[in-house]
């Protein structure tokens, strides 16, 4: 029979219409298939908060963030309210898995939270910028977009897009001064960085003889990323771009890699340069 519950509206879910899994389920699947440990996921999440908290404390986000005025009191919101300045790694182990409650490793703490936000960038040709009297923060050197089977490992797009962007720029990963990889889930970050360093992955999936390159963690998400700063879906890409260009300026670097996974098995990579 039909009960009153059958007539109630259904709550929206973060379900990917192109495949069998939600993004969280895909992250859990990737963690299992790639041998990603819970402790390593928690370490990535903790470091994201540590780096973001330091960036706020040192004032590094000052030129990147503007106040938002929210009602009903219309008080300004000046800082991200997700960053855990007191993050303690041992506390991450207390949280229960979300997507596989018995044997899972993906938790609320090592995943990007649902957040609201907005971002914007001003992009134009160098000649137009000079005409208008603007000083460019940086330049787009190359980019690549890919699509993979979302029912395989939905969030592996960065491992396919990055080598294409590097090749188009005539660069190797060793040439890159800073890397910003979107942290949808720590399991996704570690699955991709593991693939970056794997010759077997390069041969089997990229038709390359050598790995994409070794990750220098001192150059990776140096002021935090989506786990600590949040992931308002449409805004994250330009947040990454703005953050990268300011980080390069602060570190006196020139080349930055920005890469992200996305629903539907999509992936993107962008190489930027300051000069």
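Derivation of every value follows stated rules applied to the coordinates shown; laboratory data play no part. Owing to the predicted nature of the structure, the values given are computational and were not obtained by experimental measurement. A quick note on method: Cβ atoms are made from the backbone with ideal geometry, for glycine too, and the neighbour counts reach across all protein chains shown.
Counting other beta carbons within 10 Å of each Cβ, put 143, 74 in order, fewest first. Walk me through the numbers on the way to the answer.
Values: 143 16, 74 7.
In increasing order of surrounding Cβ atoms, one gets 74, 143.
Determine the relative contact order of the chain: mean sequence separation of Cα pairs under 8 Å and six or more apart, normalised by residue count, in whole percent. Let's see the in-between values first.
On the way: 483 pairs, mean separation 76.3, N = 275.
Across the chain, relative contact order equals 28 percent.
Using alpha carbon centroids, what distance separates region 143-175 and region 29-48, in Å?
So the separation of the two Cα centres works out to 21 Å.
So what are the three principal axis dimensions of region 70-200 from its Cα atoms, in whole Å, longest to shortest?
That gives 59, 56, 28 Å along the principal axes, largest extent first.
Which distance in Å, rounded to a whole number, links the C-alpha centroids of region 200-264 and region 91-129?
13
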